[in-house]
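No value in this document is a laboratory result; all are computed from the given coordinates. Bear in mind that the values here come from a model prediction, so they are computed numbers and not experimental data. Please note: Cβ atoms are built from the backbone with ideal geometry, for glycine as well, and neighbour counts cover all protein chains shown.
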Amino acid sequence: MIEPQCCDDGDEHETLPLPTLPPMPRERVPLQKSSICSRSYFMVVMVFFHVYIINVIVLLLYVHYNNGPGDVLATQNRDQASGGSNHHKPPESHQQPSYSGFQRDMYLPRLEGIRVGHVQKVSLVPDKVHEMRTLSLKPLLFEIPGFLSEEECRVVVQLAQLKGLMESQVMVPEGQEELTEQLNLSPDEIFNLLDLNQDGQLQLQEILTHSRVRDGIWLTPENLREIYAGLKADPDGNGLLSLEEFRSLDSNAFQRFLQQRGVKSTQLVRNSRHTWLYQGKGAHQVLRDLKKRVTRLTRLPSALVDLSEPLQVVRYEQGGHYHAHHDSGPVYPETACTHTRLAANTSTPFETSCRYITVLFYLNSVEGGGETAFPVADNRTYEEVSLIQNDVDLMDTRKNCDKSNLRVNPTKGTAVLWYNYLSDGQGWVGEQDEYSLHGGCVVTRGTKWVANNWINIDPDYQRQARYQQLVSQQGEEDAEDEGEQSQPSPEQLHTADSHREL
Ligand code: OGA
Ligand code: CA
Ligand code: FE2
């Protein structure tokens, strides 16, 4: 081959056609070299070569320092018999344990949704294959028909009846007035707290959110206008409260007005009764089988499932509902999880339930209504403000279930599973998945029975690990005392109902 004329400054277009070689392909053709030309060529090649080497060195240094102390997780799952093929394993790494010297030995496999409508076969019990259908990707949500047999549904309902169910939500909580007095907040300060979007006015939405979160009272925009009229709170009638208008209101006028008017159970965030059924050692075989099945379904380490909340059985009468909510709270650095509070710093100011996964069982087929609604499932974006617009409140499951993006029909024996948190990309719990917003639509005919199996995992890995360590130590001590192996029951670990509005 003839070397190109590298140094010809002349116009490329004028380059003469290259002379064709005589047919002697195997013989080397002596190169015609001009001394200037070959030196420059050599220089260019050397410059490129050096730049290349420097690039490689810089790249190696970058990789080295990034993987050094701190970030890398050598995660593996010793607890888990690896059966499933579609686990999300974090990339294997042979680096040193992380900065704190704490090595993760648990990771959380996640099921794969593939696409909406995708059906995968799952093996949960001997001699039967279940089908699991993807219902949405945001949140990651599945439906498994026939997860429980008819007989199992009957047993769970009867056990709950035997135990007795309590009202899921009490009426207007008392003591709010005292709290305000103790804090001694000025009307301006309260106004500022309520003004979520900080535009100097209180929109109907801001008051509604406040009364739902703090008091569990589900006011509609119409209710609120009525209350404003009763209190003459909004003389210009524009539906907004200015600071002036707010100042002229007595701080507890609102509360007093509600108490005088009375709040019906249909005006609460939820209108149902529930109880808790322990699923550990000594529990009814059906309850223990269900836990085992849930462990297989979720593919999570059994220790995590074992230390989760007991089964919550819920009954809705005709007219019962549960407005849209998240089963779990958002992750803030100052938030502690209810289930790991044993291992938490007691000074953490906020506590929330950390329910990584919800597995919801339908224990009967409802005659009318009672669907589980996911108002924003698979929406392109999540905007809290657009949930209540033009008086259409997508969170209202008494009125607007028909406008929800997704509704699951309550069918006896079916289970639905969804993730309330995203993955952190490294095999642990990440951000709360806001799309997991859901609620129980009003039951228009008959009764509705469901059960919740929540899998509690602390987004703070170390706190979860510490908690598990504490529990196993306590289990060993108890075993020494009693001469047998035992663990504290989840009922001892979880106080009454931690499923509060979040
Ligand atoms: C719940 C819940 C939905 C339903 O109990 O937390 O969201 O359909 N239930 O009952
Ligand atoms: Ca505002
Ligand atoms: Fe829920």
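Taking the Cα-to-Cβ direction at Asp236 and at Glu112 and moving 7 Å from each Cα, how far apart do the two end points lie in nm?
5.8
Given a Förster distance of 35 Å, report the FRET efficiency between Met166 and Glu476 from their Cβ-Cβ distance, rounded to the nearest 0.05.
Once the sixth-power term is evaluated, E becomes 0.55.
Could you line up His325, His339, His118 from fewest to most neighbouring Cβ atoms inside 10 Å?
Placing the least packed residue first, the sequence is His118, His325, His339.
How many times 2.2 N^0.38 Å is the alpha carbon radius of gyration of region 321-363?
1.41
If I take R0 = 56 Å and measure r between the Cβ atoms of Val47 and Glu431 in this structure, what FRET efficiency does the formula 1/(1 + (r/R0)^6) give, to the nearest 0.05?
0.75
From the Cα gyration tensor of region 181-285, with a ≥ b ≥ c the square roots of its eigenvalues, which class applies: rounded if a/c is under 1.5, or else prolate if a/b is larger than b/c, or else oblate?
Details: a/c = 2.68, a/b = 2.09, b/c = 1.28.
Verdict is prolate for region 181-285.
Which distance in Å, rounded to a whole number, links the C-alpha centroids of region 302-367 and region 190-208?
After rounding, the separation between the Cα centres reads 28 Å.
Are there trypsin sites (Lys or Arg not before Pro) in region 244-329 that DSSP puts in a loop and that have at most 16 other Cβ atoms within 10 Å, and which ones?
Those satisfying the criteria are Lys264, Lys281.
Taking a threshold of 29 Å on the Cα-Cα distance, which of the pairs Lys163/Lys264; Lys138/Lys163; Lys163/Lys399 fall above it?
Check vs 29 Å cut-off fails for Lys138/Lys163; Lys163/Lys399.
Between region 272-293 and region 399-454, how many Å separate their Cα centres?
When both Cα centres are located, 20 Å separates them.
Work out how much length Asn55 to Lys121 would gain on full extension: take 0.36 nm times their residue separation and subtract the Cα-Cα distance, in nm to one decimal.
That pair, Asn55 and Lys121, stretches by 18.9 nm at full extension.
Along Cα→Cβ, 7 Å out, is where each label goes; now give me the distance between the ones at Arg154 and Thr348 in nm to one decimal.
4.4
Calculate, in nm to one decimal, what Glu384 and Ser265 gain on full extension: separation in residues at 0.36 nm each, minus their alpha carbon distance.
40.3 nm is the gain from fully extending Glu384 to Ser265.
With a Förster radius of 45 Å, plug the Cβ-Cβ distance of Asn184 and Asp105 into 1/(1 + (r/R0)^6) and report the FRET value to the nearest 0.05.
Working from the Cβ atoms, E equals 0.35.
Treat each spin label as a single point 7 Å out from the Cα along the C-beta direction, and report the Thr447 to Gln469 distance in nm.
So the two model labels end up 4.7 nm from each other.
From the C-alpha gyration tensor of region 347-434, pull out the three semi-axes of the equivalent ellipsoid (sqrt of 5λ each), sorted largest to smallest, in whole Å.
So the three semi-axes of region 347-434 are 25, 21, 13 Å.
Taking 0.36 nm per residue of separation and subtracting the Cα-Cα distance, what length does fully extending Ala229 through Asp250 add?
Additional length available on full extension: 6.1 nm.
Quick check: net charge around Leu224, other residues with Cβ under 12 Å of its Cβ, Lys/Arg +1 and Asp/Glu -1?
Result for the local shell: -4.
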